[in-house]
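One structure is given below, encoded as structure tokens.
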């Protein structure tokens with residue numbers, strides 16, 4: 001198969017990676033996308049690092065059989081461990097953390113908050129990458145044990161979601177009154193309006209957008225863009241089809257998705 005016509009593979013622990021698909025759809029309207037949502041193992045942030053790497057390798061192997069030209073790791077927790085597997089494949093693997101960290105450095109932000117899963121915060125992955133670019137930027141992490149799972153279940157219990165976001169944003173801002181906060185989990189932009197309501201004085205940085213830009217730049221630079229009109233979107237998931245349909249509708253993703261259970 002012509003390399004340009006190959007697909008972009010996207011992997012996540014559940015529905016959160018659909019926020020990346022939304023950005024890819026807007027920036028790369030001709031690209032075919034194949035998505036793997038590993039709902040049965042969500043949330044990754046409460047698992048061991050070795051277990052997450054094992055799951056990542058299995059998922060990438062699955063995507064590799066779908067004629068892909070790149071893999072987009074939409075999961076922050078998995079991206080925090082990407083150095084353990086990214087060089088083992090014949091196609092590029094994109095972290096969701098690195099582009100967001102580069103955004104913070106390029107815009108010379110004096111301080112930044114990061115709200116994410118427990119493991120993402122524990123690894124210090126954002127702090128490490130940001131400090132590689134500018135050691136003077138203060139980085140403050142705020143871990144949430146429950147928020148990713150509350151969103152991934154698809155019920156959108158807005159009372160529980162709002163309570164969880166309020167507790168963590170208040171805790172972060174009381175200690176460190178930052179003006180910018182990174183969504184350190186791709187599930188979080190799905191309920192972005194709650195974050196904005198709870199913390200109206202904060203500008204939230206969406207790594208899904210920065211990652212999609214990095215993918216688009218790479219494909220352009222390497223002449224790998226699909227210039228054929230029309231594209232496909234296949235979802236392989238181990239969860240509930242109804243949850244995916246609800247999130248697709250909530251995110252207003254236009255491309256019709258074919259949803260497969262695995």
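The values are calculated or read from the model by the stated rules, or taken from the named source; none is laboratory data. Remember, predicted model here, so these are calculated numbers, not experimental data. All Cβ positions, even for glycine, are placed from backbone atoms using ideal geometry, and neighbour counts span all protein chains on display.
Are any residues in the range 171-196 touching a helix residue (DSSP H, G or I) at 6+ places or on another chain (Cβ under 8 Å) and either more than 22 Å from residue 98 (Cβ to Cβ) or part of a helix (DSSP H, G or I) (or both), and if so, which ones?
Result: 188, 189, 190, 191, 194, 195.
To keep it simple, each residue is scored yes or no on (1) in a helix (DSSP H, G or I); (2) crowded, with 22+ Cβ neighbours inside 10 Å.
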position	(1), (2)
105	yes, no
130	yes, yes
135	no, no
142	no, no
151	yes, yes
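Every residue, every condition in (1) in contact (Cβ under 8 Å) with a residue 40 or more places away in the chain; (2) outside the structural domain of residue 117 (by TED's automatic domain parsing); (3) more than 22 Å from the chain's Cα centre (by Cα), yes or no:
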{"residue": "133", "(1), (2), (3)": "no, no, no"}
{"residue": "140", "(1), (2), (3)": "no, no, no"}
{"residue": "156", "(1), (2), (3)": "yes, no, no"}
{"residue": "159", "(1), (2), (3)": "no, no, yes"}
{"residue": "169", "(1), (2), (3)": "yes, no, no"}
{"residue": "175", "(1), (2), (3)": "no, no, yes"}
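When you look at residue 8, is it surrounded by 22 or more Cβ atoms within 10 Å (Cβ to Cβ) and either assigned to a helix (DSSP H, G or I) or modelled with pLDDT of 95 or more (or both), yes or no?
yes
Being under 19 Å from residue 19 (Cβ atoms) and outside the structural domain of residue 217 (by TED's automatic domain parsing) is true for just one of 117, 77. Which residue is that?
117
Can you tell me which residue within the range 157-168, out of those that are in contact with a helix residue (DSSP H, G or I) (Cβ under 8 Å, 6 or more places away or on another chain) and surrounded by fewer than 17 Cβ atoms within 10 Å (Cβ to Cβ), is nearest to residue 242 (Cα to Cα)?
That would be 157.
For a quick check of your reading: which helices (runs of 4 or more DSSP H) sit entirely within the range 13-84 and have at least 3 residues that are farther than 25 Å from residue 143 by Cβ?
18-27, 49-64
Note down all Cβ pairs under 8 Å where the first residue falls in the range 242-262 and is outside the structural domain of residue 191 (by TED's automatic domain parsing) and free of Cβ contacts under 8 Å to residues at least 24 places away in the same chain, the second is part of a strand (DSSP E or B) and surrounded by 12 or more Cβ atoms within 10 Å (Cβ to Cβ), and they're at least six residues apart or on different chains.
245/259; 256/233
Looking only at residues that are closer than 24 Å to residue 149 by Cα and surrounded by fewer than 23 Cβ atoms within 10 Å (Cβ to Cβ) in the range 107-123, which one is modelled with the lowest pLDDT?
119
Could you check, for the range 83-91, whether at least one of its residues is out of contact with any strand residue (DSSP E or B) (no Cβ under 6 Å at 6 or more places or on another chain), assigned by TED's automatic domain parsing to the domain that holds residue 143 and crowded, with 16+ Cβ neighbours inside 10 Å?
Keep residues of the range 83-91 that are out of contact with any strand residue (DSSP E or B) (no Cβ under 6 Å at 6 or more places or on another chain), which gives 83-85, 87-90.
Filter once more, so that each one left must be assigned by TED's automatic domain parsing to the domain that holds residue 143: none.
Checked against the condition, which is being out of contact with any strand residue (DSSP E or B) (no Cβ under 6 Å at 6 or more places or on another chain), assigned by TED's automatic domain parsing to the domain that holds residue 143 and crowded, with 16+ Cβ neighbours inside 10 Å, the range 83-91 yields no hits at all.
Within the group 46, 51, which residue is under 25 Å from residue 243 (Cβ atoms), modelled with pLDDT under 90 and in the same structural domain as residue 253 (by TED's automatic domain parsing)?
46
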